[in-house]
1. Listed residues Tyr55, Tyr41; which is at pLDDT 95 or above and closer than 22 Å to Glu108 by Cα?
2. Please enumerate the residues belonging to the stretch 5-42 that are in a helix (DSSP H, G or I), surrounded by fewer than 16 Cβ atoms within 10 Å (Cβ to Cβ), of a type in the set (Asp, Glu) and touching a residue at least 24 places away in the same chain (Cβ under 8 Å).
3. Only one of (1) at pLDDT 95 or above; (2) crowded, with 19+ Cβ neighbours inside 10 Å is not met by Ile113, so which one is it?
4. Would the stretch 89-108 turn up any residue that is in contact with a strand residue (DSSP E or B) (Cβ under 6 Å, 6 or more places away or on another chain), more than 23 Å from Glu38 (Cβ to Cβ) and of a type in the set (Gly, Ala, Ser)?
5. Those residues that are over 14 Å from the mean Cα position of the chain (by Cα) and either surrounded by 14 or more Cβ atoms within 10 Å (Cβ to Cβ) or of a type in the set (Phe, Trp, Tyr) (or both), I need them from the stretch 43-52; list them, please.
6. Going residue by residue through the stretch 120-134, is there one that turns out to be of a type in the set (A, V, I, L, M, F, W, C), over 23 Å from Phe29 (Cα atoms) and exposed (fewer than 15 other Cβ atoms within 10 Å of the Cβ)?
Amino acid sequence: MLKDVLIEKNIQIQDEIDGWEAAIETASFPLLESGKIEQGYVNRMIQNVHELGPYIVISPQIAIAHARPDGTVNEISLSLLKLDTPVNFSEGDHEASLVFVLAAVDNEQHLDILRDLATKLGDRDIVNALLSATSKKDIYKILS
């Protein structure tokens, strides 16, 4: 299921970025561009972090930005921004180099994708391979 939604064109690689808000916006760009999500979804993800803190940083170096379905997601989708220099999501130790955006149209349909992603990201060898990857093609192969 993961390979069906995280297509190669939804993967981006950058050296660094100017803050966590820009990281979420940039990670969202391929989904916005393809019409899978609307700007309101990006705004809500950012607002959620402002209100709830860095809960999207699920483990060292990994963030999964998301928001509740509200009609601003047109198709279930996933994107990834890989940063060479981690971005900090709070004053504490909440840095991420792998910033995923998960967009769901309802409360259930995305669970298989999330489960598959969690399994992959729970493997430290896979995470290290992602952090070392230098091309979108390599990242896609690691996650497929």
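1. Numbers: Tyr55 fails: at pLDDT 95 or above.
One residue alone meets the criteria, Tyr41.
2. Correct list: Glu8 only.
3. (1)
4. Yes, the stretch 89-108 has at least one match.
5. Step one: filter the stretch 43-52 for residues over 14 Å from the mean Cα position of the chain (by Cα), giving 43-44, 47-48, 50-52.
Answer for the stretch 43-52, where residues must be over 14 Å from the mean Cα position of the chain (by Cα) and either surrounded by 14 or more Cβ atoms within 10 Å (Cβ to Cβ) or of a type in the set (Phe, Trp, Tyr) (or both): Asn43, Arg44, Asn48.
6. yes
The values are calculated or read from the model by the stated rules, or taken from the named source; none is laboratory data. Only a predicted model underlies this, so the values are computations on that prediction, with no experimental measurement involved. Cβ atoms come from the backbone with ideal geometry, glycine included; neighbour counts cover every protein chain shown.
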